[in-house]
Amino acid sequence: MWIVVIIGIGVVTALVQLALGGFAADQTTIIRTLLLHQFAVTHGIIAVIGFVINVLRPRQTAAKLGWATSPFQVKYGFAQLGLGIMGVMSIWFHGNFWVGTLVTLYVYGLSGLWTHTQEVVRKRRETGKTDLIEVGNIVLDVIYHLVLTWMSLQIPGVWSLS
């Protein structure tokens, strides 16, 4: 589950930023920094990787997954790139823009829930066994989005309607 490493990179870069500031921050600033790094760093990395493997190396990626190559793979790679661009733009745009970024992450997360669930069902049907890695991906996806949502609710102005 390489995604755990990428999420961890976002946490580490946030902690480095906080350390450089001497950890002289209140709880809201700490949460804001952690969330921003998930948007900009974690999803920026996902965007670059997704673009490279799905747009620049679609045949190799499809073969590794046991899937057929198709133009939809390129569309998916560009969608991942767009998600990463929104995450990086969160550095400069705050408040309600972060809600837009979260909603985009939710939709991306739903695509993961969909595909991982389909893989669990397919593998169960073919082998009679439950693929625990796919189940782990589903659980991680749900927990990750709940944590991001909780963090965003701790920051004044993110969910305001004004």
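Here, each number is a calculation from the coordinates, and none is a lab measurement. Computed from a prediction, not measured in an experiment: that's the story for all the values here. Cβ: placed from backbone, ideal geometry, glycine included. Neighbour counts: every protein chain shown.
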Quiz item: Just from the alpha-carbon atoms, what are the Rg and Dmax of the stretch 2-153 in angstroms?
Solution: 16.9, 55
Self-check item: GNM top mover of 68, 47, 79 - the chain, alpha-carbon springs below 10 Å
Solution: 68
Quiz item: By count of other Cβ within 10 Å, fewest leading, how are 116, 43 ordered?
Solution: 116, 43
Quiz prompt | Ellipticity estimate at 222 nm from DSSP helix runs (n ≥ 4, -39,500 (n - 2.57)) divided over the chain, nearest 500 | solution = -25000 deg cm²/dmol
Practice problem: Mind jotting down the distance between the C-alpha centroids of the stretch 5-45 and the stretch 96-150, whole Å? | Solution: 23 Å
Exercise. Treat every Asp and Glu Cβ in the chain as -1 and every Lys and Arg Cβ as +1, leave all other atoms uncharged, and give the resulting dipole magnitude about the Cα centre to the nearest 20 debye.
Key: 520 debye
Quiz item: Taking the chain as a Gaussian network, Cα atoms linked when under 10 Å apart, which of 88, 52, 107 shows the biggest mean-square fluctuation?
Solution: 107
